[in-house]
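Colleague: Below are the structure tokens for one structure; questions will follow.
The values are calculated or read from the model by the stated rules, or taken from the named source; none is laboratory data. Since we're looking at a predicted model, the values are computed, not measured. Neighbour counts run over all protein chains shown; Cβ positions are idealised from the backbone, glycine included.
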Amino acid sequence: MGKFKINGGKRLYGEVEVHGAKNSILPILAATILNEGVSVIHNCPRLKDVDSMIEILEHIGCKIDFNGRDIVVDARDVKDSEIPDNLMRTMRSSIFLMGALIARNKKAFISFPGGCDIGHRPIDLHLKGLKKLGVEIEESYGYIRCKGVRVRGNEIHLDLPSVGATENIMLAATLADGITVIRNAAKEPEIEDLQNFLNSMGARITGAGTNTIVIEGVKKLHDTEYTIIPDRIVAGTYLCAAAMTRGELTIVKALKEHLEPLISKLKETGCELKTGNDYIKITCNKRPKAVDMIVTLPYPGFPTDLQPQIVSVLSIAEGTSIVTETIFDNRFKYTEELVRMGADIKVEGRVAVIRGVDKITGAKVLAKDLRGGVALVIAGLGAEGTTVVEGAEHIDRGYESLEKALKSVGADIVRIM
Ligand code: UD1
């Protein structure tokens with residue numbers, strides 16, 4: 001149980017690089033088992049969730065080498081189709097093994113996945129989609145047994161554009177007989193990354209990034225080498241940290257096309273943003289202004305995964321902001337901790353009203369989930385005095401050595417035990 005200790009009030013200045021996307025590497029690692037061979041993946045971040053996925057893959061028989069930023073997965077010998085409960089519970093993304101194992105072994109035996117406590121997170125759309133492909137699914141005593149002796153392409157209309165359900169169906173359909181069409185699919189960039197990875201192994205998938213994805217089943221895949229995209233949520237987190245500290249940061253390996261909704265809101269707060277092919281530069285010289293309204297929505301709307309970070313910034317803005325969370329039903333828990341630091345935030349259901357205060361002050365606060373946790377770190381950077389953020393292990397699930405990156409641009413932050 002590590003903690004971050006932050007002496008606030010230091011202006012962030014300089015250049016910081018974004019690591020590979022957590023939400024790309026996790027489904028892509030699961031996808032490696034579709035090929036009875038070797039995959040080499042570049043730009044892999046060293047995160048707790050990546051270690052958890054590696055542990056699951058090793059459990060089912062993969063041999064894995066994680067060297068620098070490269071992961072080599074040898075999936076020639078995948079024997080097991082069962083994932084024990086303790087591994088399933090390490091993170092939500094363990095659910096990708098369901099689609100991947102059905103494709104590879106025609107069966108999967110798993111329990112319900114774990115993950116951040118940010119509200120109700122069912123997997124009904126995953127199961128409904130797989131059933132449409134002919135997978136037999138039996139649920140009992142918290143376990144899910146899937147049999148996919150003959151997986152056949154079909155038309156699937158998702159009730160909601162779920163990221164995970166879209167990806168799980170893509171995994172199961174890649175080696176199915178015939179053509180699968182996913183309508184009302186999620187459009188997140190990480191889905192396009194999964195498509196590109198699978199196609200680099202010989203899959204035939206088109207349409208990722210739009211709401212209709214077409215997967216033409218193939219019989220066999222081949223070895224591949226692939227580089228994953230930069231993490232847009234990490235890039236967005238650094239942008240918010242700069243806004244919070246009235247700083248000036250150049251975020252390298254940040255793709256502006258993935259961050260338009262945040263860039264537009266930060267401009268509304270009065271920050272200046274310049275973008276290039278693979279960088280975003282933010283300059284903030286004044287106290288931020290409040291924004292009228294932020295509503296989290298599926299991509300390309302404002303990402304729910306950046307909602308806590310922007311709320312931290314708005315807590316010290318001039319004026320009152322309203323933020324509505326439409327994706328998860330309990331994603332404002334971290335605001336109680338911000339209130340301990342002096343923020344004036346009222347939450348009613350899915351709406352938070354943030355009355356900006358002149359300053360927030362350091363306090364001992366607790367990270368209860370990944371993005372809510374990093375929002376507290378951002379608050380600590382902008383607060384007067386010392387903040388201790390407990391529960392660093394939640395933050396380590398999605399940020400590689402966060403304290404080192406922030407320190408390199410002037411933050412006074414250390415990890416303590
Ligand atoms: C993914 C991201 C996560 C992000 C989220 C929303 C990964 C590894 N994680 O999570 O960081 O916060 O997208 O952008 O990519 N839902 C159902 N039934 C289902 C599945 C989802 O009702 O079977 C609902 C959820 O409760 C939620 C909404 O759909 O309200 C969106 O969830 P989903 O897009 O599936 O999120 P994840 O894939 O879990």
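Colleague: With the structure loaded, tell me whether Asp193 is within 16 Å of the ligand (Cβ to nearest atom) and crowded, with 18+ Cβ neighbours inside 10 Å or whether it fails that test.
Modeller: yes
Colleague: Looking at the structure I just gave you, is Ile251 in contact with a Cys (Cβ under 6 Å, 6 or more places away or on another chain) and more than 19 Å from Ile354 (Cα to Cα)?
Modeller: Against the criterion (in contact with a Cys (Cβ under 6 Å, 6 or more places away or on another chain) and more than 19 Å from Ile354 (Cα to Cα)), Ile251 does not qualify.
Residues checked against (1) within 16 Å of the ligand (Cβ to nearest atom); (2) without any contact (Cβ under 8 Å) to a residue 60 or more places away in the chain; (3) under 25 Å from the mean Cα position of the chain (by Cα):
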residue: Leu273; (1), (2), (3): no, yes, yes
residue: Ile282; (1), (2), (3): no, yes, yes
residue: Tyr299; (1), (2), (3): yes, no, yes
residue: Ile310; (1), (2), (3): yes, no, yes
residue: Gly319; (1), (2), (3): no, yes, no
residue: Thr324; (1), (2), (3): yes, yes, yes
residue: Phe328; (1), (2), (3): yes, no, yes
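Colleague: A further question on this structure: Asp51 - would you say it is closer than 29 Å to Leu239 by Cβ and in the same structural domain as Leu175 (by TED's automatic domain parsing)?
Modeller: Judged against the criteria, Asp51 is a match.
Yes/no matrix, rows are residues, columns are (1) within 13 Å of the chain's Cα centre (by Cα); (2) buried (at least 23 other Cβ atoms within 10 Å of the Cβ); (3) assigned to a helix (DSSP H, G or I):
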{"position": "Gly14", "(1), (2), (3)": "no, no, no"}
{"position": "Ser24", "(1), (2), (3)": "yes, yes, yes"}
{"position": "Ala30", "(1), (2), (3)": "no, yes, yes"}
{"position": "Ser39", "(1), (2), (3)": "no, yes, no"}
{"position": "Arg46", "(1), (2), (3)": "no, no, no"}
{"position": "Asp49", "(1), (2), (3)": "yes, yes, yes"}
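Colleague: In the stretch 161-190, what residues are more than 16 Å from the ligand (Cβ to nearest atom) and in contact with an Asp or Glu (Cβ under 7 Å, 6 or more places away or on another chain)?
Modeller: Once the filter is applied, which keeps residues that are more than 16 Å from the ligand (Cβ to nearest atom) and in contact with an Asp or Glu (Cβ under 7 Å, 6 or more places away or on another chain), the stretch 161-190 yields Ile179, Val181.
Colleague: Which of the following residues is touching a His at 6+ places or on another chain (Cβ under 8 Å), buried (at least 20 other Cβ atoms within 10 Å of the Cβ) and assigned by TED's automatic domain parsing to the domain that holds Pro298: Ala375, Ala392, Ala352, Ala367?
Modeller: Result of the check over Ala375, Ala392, Ala352, Ala367: Ala367.
Colleague: Collect the residues in the stretch 181-193 that are touching a strand residue (DSSP E or B) at 6+ places or on another chain (Cβ under 7 Å) and either without any contact (Cβ under 8 Å) to a residue 40 or more places away in the chain or in a helix (DSSP H, G or I) (or both), keeping them in residue-number order.
Modeller: Val181, Arg183, Asn184, Ala185, Ile191, Glu192
Colleague: Taking the criterion of being surrounded by fewer than 24 Cβ atoms within 10 Å (Cβ to Cβ) and within 12 Å of the ligand (Cβ to nearest atom), would at least one residue in the stretch 200-220 satisfy it?
Modeller: no
Colleague: Pairs please, first residue from the stretch 206-219 and under 9 Å from Thr174 (Cα atoms) and assigned by TED's automatic domain parsing to the domain that holds Gly129, second anywhere and surrounded by fewer than 20 Cβ atoms within 10 Å (Cβ to Cβ) and of a type in the set (Gly, Ala, Ser), Cβ atoms under 9 Å, 6+ apart in sequence or on different chains.
Modeller: Ile215/Gly153; Ile215/Gly207; Glu216/Gly153; Glu216/Gly178; Gly217/Gly153; Gly217/Gly178; Val218/Gly202
Colleague: Another question about this same structure. How many residues, within the stretch 34-50, are among the hydrophobic types (A, V, I, L, M, F, W, C) and in contact with a strand residue (DSSP E or B) (Cβ under 6 Å, 6 or more places away or on another chain)?
Modeller: Qualifying residue count, the stretch 34-50: 4.
Colleague: What about Ile95, is it in contact (Cβ under 8 Å) with a residue 60 or more places away in the chain, of a type in the set (Val, Ile, Thr) and either touching a Cys at 6+ places or on another chain (Cβ under 8 Å) or crowded, with 18+ Cβ neighbours inside 10 Å (or both)?
Modeller: Yes, satisfied.
Colleague: Can we say Leu57 is buried (at least 16 other Cβ atoms within 10 Å of the Cβ), closer than 14 Å to Ile228 by Cα and not basic (Lys, Arg)?
Modeller: no
Colleague: Taking the options Ala21, Ala30, name whichever one is aliphatic (A, V, I, L, M) and in contact with a Pro (Cβ under 9 Å, 6 or more places away or on another chain).
Modeller: Ala21
Colleague: Another question, if that's okay. Can you name the residue in the stretch 349-376 that is under 22 Å from the mean Cα position of the chain (by Cα) and part of a loop (DSSP other than H, G, I, E, B) and is also nearest to Ile327 (Cα to Cα) among such residues?
Modeller: So the residue we want is Arg350.
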